[in-house]
1. Residues that are within 16 Å of the chain's Cα centre (by Cα): list the helices (runs of 4 or more DSSP H) wholly contained in region 96-192 that include at least 3 such residues.
2. From the set of residues in region 166-201 that are touching a Gly at 6+ places or on another chain (Cβ under 9 Å) and among the charged types (D, E, K, R), which is nearest to ARG58 (Cα to Cα)?
3. Can you go through LYS45, LYS23, LYS105 and tell me which one is closer than 23 Å to THR132 by Cβ, out of contact with any Cys (no Cβ under 6 Å at 6 or more places or on another chain) and modelled with pLDDT under 95?
4. Enumerate the pairs (first residue in region 21-41 and under 21 Å from ILE64 (Cβ atoms); second residue anywhere and part of a loop (DSSP other than H, G, I, E, B) and acidic (Asp, Glu)) with beta-carbon separation below 7 Å, excluding pairs fewer than 6 apart on the same chain, so at least 6 apart or on different chains.
5. Taking the conditions exactly as written (surrounded by fewer than 11 Cβ atoms within 10 Å (Cβ to Cβ) and either touching a Phe, Trp or Tyr at 6+ places or on another chain (Cβ under 9 Å) or not polar (S, T, N, Q) (or both)), does VAL57 satisfy them or not?
6. For region 84-95, which positions are part of a strand (DSSP E or B) and under 16 Å from ASP32 (Cβ atoms)?
7. Return the residues of region 133-149 that are out of contact with any strand residue (DSSP E or B) (no Cβ under 8 Å at 6 or more places or on another chain) and of a type in the set (A, V, I, L, M, F, W, C); say none if nothing qualifies.
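The values are calculated or read from the model by the stated rules, or taken from the named source; none is laboratory data. The shown structure was predicted, so the numbers you read here are calculated from the model rather than taken from an experiment. Here the Cβ is made from the backbone with ideal geometry for all residues, glycine too, and neighbour counts use every protein chain on show.
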Amino acid sequence: MYRRKVRACARGSQNSISASVAKQVLLLIDWDNLFISLYEHFGAKEMRIEKKLEMIVRWVKEEIGELLGGYGFVFAPEHLAVLHQQSCVDNGLRIVICPKRPLEKPKRNLKTGDLIEVEDTVDETIIWFTKTMMRHPNFGFLCLVTGDSDYIPLLKEVERYSIKRALVFPTRRCLSESKELVRLADKHPKTLKIMRLRLDT
């Protein structure tokens, strides 16, 4: 009888630990998508990127849960300015540099139609990083800061692991251009609020 009670208590403790662990958030920021969207909407003088980063981190902590490992991650090309690097560090964000990859032959950018000789690696690095973290026991929420529909397959995949999806869109334009992406934001299991934020409000 005593042993059964001990095992029951142990199972209860494990369940409560799992419940608290599930609150942690993997925050991933697609820097170029964020920066270019805000620049086009506000202009260089009014975009206030450091305040937007602060807004993102505060919203995640207040509305969703604690950051996984205590940090969010910014994925950026090698030309990320020193000033912006400091803004990331000041907001508790770790920087992952994603160098552009030279192409053996130039090709057309499917979105812009431009001929390119190097290709961006930010998207594929974010996707790889998320899949690497997928089985982490503390990973309960994925929060993506982007308006890029290239992440739709990834967001559908994480759902199969019972990971909830939160989305931060830089501007209203991103919302209108990524309607399928918008629909993939989940409700928080406790507050039942849709976990979606727009930065131009």
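1. 122-133, 152-159
2. That would be ARG173.
3. LYS23
4. Once the first residue is under 21 Å from ILE64 (Cβ atoms) and sits in region 21-41, its partners that are part of a loop (DSSP other than H, G, I, E, B) and acidic (Asp, Glu) give LYS23/GLU66; GLN24/GLU66; VAL25/GLU66; ASP30/ASP148; ASN33/ASP148.
5. Spelling it out, it is not the case that VAL57 is surrounded by fewer than 11 Cβ atoms within 10 Å (Cβ to Cβ) and either touching a Phe, Trp or Tyr at 6+ places or on another chain (Cβ under 9 Å) or not polar (S, T, N, Q) (or both).
6. The answer is LEU93, ILE95.
7. Selection gives MET134 alone.
For every residue, the table says whether it meets (1) within 15 Å of THR146 (Cβ to Cβ); (2) touching a helix residue (DSSP H, G or I) at 6+ places or on another chain (Cβ under 8 Å); (3) surrounded by fewer than 12 Cβ atoms within 10 Å (Cβ to Cβ).
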{"site": "GLU50", "(1), (2), (3)": "no, yes, no"}
{"site": "LEU67", "(1), (2), (3)": "no, yes, no"}
{"site": "TYR71", "(1), (2), (3)": "no, no, no"}
{"site": "PHE75", "(1), (2), (3)": "yes, yes, no"}
{"site": "LEU80", "(1), (2), (3)": "no, yes, no"}
{"site": "HIS84", "(1), (2), (3)": "no, yes, no"}
{"site": "CYS88", "(1), (2), (3)": "no, yes, no"}
{"site": "CYS98", "(1), (2), (3)": "yes, yes, no"}
